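The values are calculated or read from the model by the stated rules, or taken from the named source; none is laboratory data. None of these values were measured; they are calculated from a predicted model. Cβ sites come from the backbone with ideal geometry, for glycine too, and all protein chains shown count toward neighbours. Just so you know, the surface numbers come from the protein's heavy atoms only, side chains and all, with ligands and any DNA or RNA stripped out. Shrake-Rupley method; radii C 1.70, N 1.55, O 1.52, S 1.80 Å.
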Amino acid sequence: MKKAFLLLADGTLFEGTACGYEGKSIGEVVFNTGMAGYQEVLTDPSYYGQIVTMTYPLVGNYGINFEDYESHKSWVSGFIMREICEYPSNWRCRHTLDDYLKSQKVVGLQGIDTRKLTRILRNSGVMNGIIYTEGHEPTEQDINEMKQYIVKDAVSTVTCKQPSICKAEGETKYKVALLDFGVKYNIERELQARGCEVTILPGDTNPDEIINGGYDGVMLTNGPGDPAENTEIIKNIKVLVESNIPMFGICLGHQLMALSIGAKTEKMRFGHRGVNHPVKDLQIDRTYITSQNHGYAVVAESVDPKIATVRYVNLNDGSVEGLDYVNYPVFTVQFHPEVCPGPQDTSFLFDRFLSNIKNGGNK
């Protein structure tokens, strides 16, 4: 097998063996602590511009199937594992992970000490890197580009270009406008299963088009990049909030909503990426295990309590995980309620959203 390498911005070099596509790729190196879900990670648009390290030692053991995609392609800039499974075993398996990485032109690296890499990222914070296979060594220009790399224009890259409609399962009860900042299929499925006809709209859609479009509610989705970069979208969301239409925001949607009311966001040291993050609901004193994927967080002190209150907090680091808006039929969460790390989890938040719609905007 060919050798493959990861060079970090601080000069640390990891040597392993190649898997997936042969070549080189620059990105922000992050880690995900999930024991499973690698197919969802690869196809989650929120990972745009990032080289993802899986901390679980064996990846690919159940292969790739046709049901668990979260979008139409892979968005990661590179994929790193301790060991890739060459012979997966699962009744739904249609491809090996290696074949999928090749088909998506994702450069892969296996055989390195992923624990060491994770410790570096935890201690120093996420950093840029370049992943490459033997025969594709980076030039000095590549290394300079890597050191200066910033994930930018992320939402405009991953959002849909034209509107589309997903029909409700069974009778249509509500019509929901979904602003696509990097949507995962599971968000659409959760709404469809509850009788919603979902119109997927580009992230920069004019708010007047939504307000006058006959929609019962608005969904703000997950997505990649620095939320503060999306200045026009933030202005649009402010208009939507003031229209008093029921709204529900997830991940990036949660951050953009907070920015629209004057709060601030900050980049985290190494973010939250995995399926085992404990989140406490301060209102009912209950803790949930959640799935997360984000590198930015809302600054609690910047939230005006007259406009919104912190409803959920992360029990590991105390960061903001959700906001309830005081005078609007709006709530948002940082975690992913459309993902189920356990049997029930937080999918009830979709029911809360529809309850707001049913009650005419009254929380």
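Points to keep in mind about this one:
- Qualifying residue in the range 125-142 (condition: open to solvent by less than 70 Å² (accessible area, probe 1.4 Å), of a type in the set (Asp, Glu) and in a loop (DSSP other than H, G, I, E, B)): no
- Residue count for the range 48-62, restricted to those that are open to solvent by 10 Å² or more (accessible area, probe 1.4 Å) and either touching a Pro at 6+ places or on another chain (Cβ under 7 Å) or aliphatic (A, V, I, L, M) (or both): 4
- Top-ranked residue of the range 23-46 - restricted to ones that are among the hydroxyl-bearing types (Ser, Thr, Tyr) and farther than 25 Å from Glu137 by Cβ, ranked as surrounded by the fewest Cβ atoms within 10 Å (Cβ to Cβ): Thr33
- Checking Ser355, Ser302, Ser347, Ser291 one by one, the residue that is polar (S, T, N, Q) and closer than 19 Å to Gly182 by Cβ is Ser291 and no other.
- Boolean, Arg352 is at pLDDT 95 or above and over 29 Å from Gly213 (Cβ atoms): no
- Qualifying residue in the range 258-273 (condition: without any contact (Cβ under 8 Å) to a residue 60 or more places away in the chain, among the acidic types (Asp, Glu) and farther than 20 Å from Asn230 by Cα): no
- Strands (runs of 3 or more DSSP E) wholly inside the range 264-363 containing at least 1 residues that are surrounded by fewer than 21 Cβ atoms within 10 Å (Cβ to Cβ): 265-281, 286-298, 308-314, 320-325
- Matching residues, the range 97-121, being in a loop (DSSP other than H, G, I, E, B), within 22 Å of Tyr48 (Cα to Cα) and open to solvent by 30 Å² or more (accessible area, probe 1.4 Å): Gln104, Lys105
- Filter pass, Leu8 being in contact with a Gly (Cβ under 8 Å, 6 or more places away or on another chain), under 21 Å from Met127 (Cβ atoms) and surrounded by fewer than 21 Cβ atoms within 10 Å (Cβ to Cβ): yes
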